[in-house]
Ligand code: ASP
């Protein structure tokens, strides 16, 4: 019988095969046949088609998922104190995550001094707009035009308004809400279908990058990966450790030990949503959070709270700015924090979506969306790691709310046995 490989394995094969092929072709890159038919036709065709399929999803994904996100947040804040507290925690931890990511990328400078000529990306560095203009131009004069032109921030504002409107209208707009829910399912299905082509797309993109740039691209990509992984680690230990200790006095090591089964599932599936059943079970049986609370905060977290994704988006934006020699400036950092927070809210808990939502952040700071192609090839590894952090963030916030609301059974948390929480 033929062995069936999972998508993740296939993407890894594509990555490695692309790397090897690219490096083999590099010395021959100027041979006319290789240059014209392999690098600039075959690889460009497959890689370009893949990237365009992803770009095709950006506007629908951002609009539909943010409308749904806003509608959800709206109806949850109506639930009162616990709802507001949960959302506040989720947002604050995400903003901290991005700040750590930006700081690390600025210190390590993964994209500086690479000697790489990115002129062939056909990109002229656009001036990042002044912060005040970013604010004023957030309001679209014409939402349809904003969508047609892919003006992300304007689309976001319109989506948030639409979502809020849907919450306020409640049952009166039930059909429209249902329509958005179904559109959301449809858009995510399309992303899933496109992802089936990922092994080939990744192969072609990586092969083309390395056939043109050779080993030169290896070091910056490795540094980029290390920065993301480092920021994820720092956020998980420092931010979560401090928050847990300060608000709950629970032992962070014990927390990690009890929660690790869920983290492993998140790592292997690269999907917060797919991990949700395990996250819920772990929360109740090994961490002692009441069912009442966890059944509300964890599904919400799996949908809107993505600290790991935000970290990738923060590092990626700075990395790409460095590669293209664009000075982002302080206003730019604020824009990144704002848009990456929104982008992570809009990111669905399924594999690969965080990278598509990155387009929204890049666009806001005047960077080329095409640059996603540079990091697409290695994203799966980072996707797996950031998903583990995404659900850890949900759990830490849940524990804090549980402790402060008297919904935590510390005996369960501290015991080594698995006990069902009441
Ligand atoms: N895969 C991530 C998750 O499910 C989302 C992403 O960053 O793509 O949490």
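Worth a mention:
- Tail fraction, Cα-Cα pairs, the range 267-422, threshold 17 Å, whole percent: 62 percent
- The value of relative contact order for the chain, using C-alpha pairs under 8 Å at least six residues apart, is 29 percent.
- For the pair residue 215 and residue 106, label points projected 7 Å from Cα toward Cβ lie 3.3 nm apart.
- Among 31-37, 148-154, the order from most to least packed when residues are scored by Cβ within 10 Å on average: 148-154, 31-37
- Distance between the 7 Å Cα→Cβ label points at residue 36 and residue 256: 5.7 nm.
- Counting other Cβ atoms within 10 Å as a rough exposure proxy, the listed residues 376, 195, 138 run 138, 195, 376 from fewest neighbours to most.
- Sorted fewest first by neighbouring Cβ atoms within 10 angstrom, 412, 132 come out as 132, 412.
- Sequence of 394, 327, 363, 383 once ranked by neighbouring C-beta atoms within 10 Å, starting from the fewest: 327, 363, 383, 394
- Gain on full extension, evaluated as 0.36 nm per residue between residue 193 and residue 411 minus their Cα-Cα distance, stands at 74.0 nm.
- Per-peptide packing, taken as the mean over residues of other Cβ atoms within 10 Å, places 336-348, 307-319 in the sequence 307-319, 336-348 from highest down.
- Listed peptides 397-403, 385-391 by packing density, highest first (mean Cβ within 10 Å): 385-391, 397-403
- Modelled spin labels at residue 178 and residue 161, positioned 7 Å past Cα toward Cβ, are 2.7 nm from each other.
- Spread over its residues, the convex hull of the C-alpha atoms of the chain is 157 Å³ per residue.
Quick note: the coordinates plus some simple rules give every number you see, no bench work behind them. Just so you know, these numbers come straight off a predicted model, no measurement behind them. Using ideal geometry, Cβ is built from the backbone for each residue, glycine included, and neighbour counts are taken over all protein chains shown.
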